[in-house]
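One structure is given below, encoded as structure tokens.
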Amino acid sequence: MILQVGDVILTSEILTECFCCDLESCRGACCVEGDSGAPLLPEEVAEMENVLDEVWPDLSAEAQHLIDRQGVAYVDSEGDLVTSIVHGRDCVFTCYGADGCCYCASDKACREGRTSWSKPISCALYPIREKRFAQGLVGLQYHRWEVCRDAVRKGRELDLKIYQFLKAPLVRRFGQAWYDELCEVARQMS
């Protein structure tokens, strides 16, 4: 079912399906799998460039070389602005912890208080994907991906819906009033 909240069109799955990232199981696969980098807003490129000095030591030598050559972003084969990726796989902001998990270097720096910007909104909103339409309309849909099967399982165990799990990034993207309206729509559906 398609719903509309403000200028945002969304699939009802965002309100009904469960999800909660399970980093212990997936090891951060969403940062290294796929056929393109993470979608970016044009203004996010400047944000990514602004945190480079702080995250540079956390990046792999290959990522550093690619950023020097190509920058933090490129336009992919579909014409979308996306993060640069190393060897057609890892986002250039990928870093690995001692536990072997893949992390976002810019998000890690933000959590440690070294920067004020965390990561692109498309990364923060995942598994929701955003599409922009004419007249300022935005579309949101749930992107199902096999690497997130454990996140679905964990979300079901916790009875945590996608919109609840993604409260902070949804508020970051659309504002608290919009999120409150979304919650009211979800309440009416239950």
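Over the chain, what is the relative contact order in percent, taking alpha-carbon pairs closer than 8 angstrom and at least six residues apart? It would help to have the intermediate numbers written out before the result.
Values: 277 pairs, mean separation 61.0, N = 190.
Reported as a whole number, the value is 32 percent.
Using the Karplus relation 6.51 cos²θ - 1.76 cosθ + 1.60 with θ = phi - 60°, the per-residue 3J(HN,Hα) values for the stretch 74-83 come to 8, 9, 7, 5, 8, x, 9, 6, 9, 5 Hz, with x marking Gly and Pro.
Neighbouring Cβ atoms within 10 Å as the yardstick, rank Arg149, Arg132 fewest first. Kindly include the intermediate steps, with their values, before the conclusion.
Details: Arg149 13, Arg132 9.
Lowest to highest Cβ neighbour count: Arg132, Arg149.
Largest GNM mean-square fluctuation among Gly136, Gly175, Gly28, using the chain with Cα springs under 10 Å: Gly136. Spatially, the stretch 86-105 and the stretch 1-80 are offset by 12 Å when compared through their Cα centroids.
Stokes-Einstein diffusion for the stretch 26-117 at 25 °C, viscosity 0.890 mPa s, with a Kirkwood radius from C-alpha pairs, works out to 186 µm²/s.
Once each of the GluC sites (Glu not before Pro) sitting in a DSSP loop with at most 16 other beta-carbon atoms within 10 Å is removed, the chain keeps 113-190 as its longest stretch. The Rg/Rh ratio of the chain, with Rg taken over Cα atoms and Rh as the Kirkwood radius over Cα pairs, comes to 0.97.
Neighbouring Cβ atoms within 10 Å as the yardstick, rank His87, His143 fewest first.
Details: His87 9, His143 12.
If I rank by nearby Cβ atoms, fewest first, I get His87, His143.
Derived scalar couplings between HN and Hα for the stretch 130-138 equal 10, 9, 9, 10, 5, 6, x, 6, 10 Hz in order, rounded to whole Hz, by the Karplus curve 6.51 cos²θ - 1.76 cosθ + 1.60 (θ = phi - 60°), x for Gly and Pro. Counting neighbouring Cβ atoms within 10 Å and putting the fewest first, the residues Ser84, Ser60 line up as Ser60, Ser84.
Using DSSP to call loops (not H, G, I, E or B), can you name the chymotrypsin sites (Phe, Trp or Tyr not before Pro) in the stretch 71-137 whose Cβ has at most 15 other Cβ atoms within 10 angstrom? Can you show the working numbers first?
Working: sites: Tyr74, Phe93, Tyr96, Tyr103, Trp117, Phe133; in loops: Phe93, Trp117, Phe133.
When the chymotrypsin sites (Phe, Trp or Tyr not before Pro) of the stretch 71-137 are filtered for loop state and at most 15 Cβ neighbours within 10 Å, Phe133 remain.
Here, each number is a calculation from the coordinates, and none is a lab measurement. Being a predicted model, the structure only gives us computed values, none of them experimental. All Cβ positions, glycine included, derive from the backbone under ideal geometry; neighbour counts span all protein chains shown.
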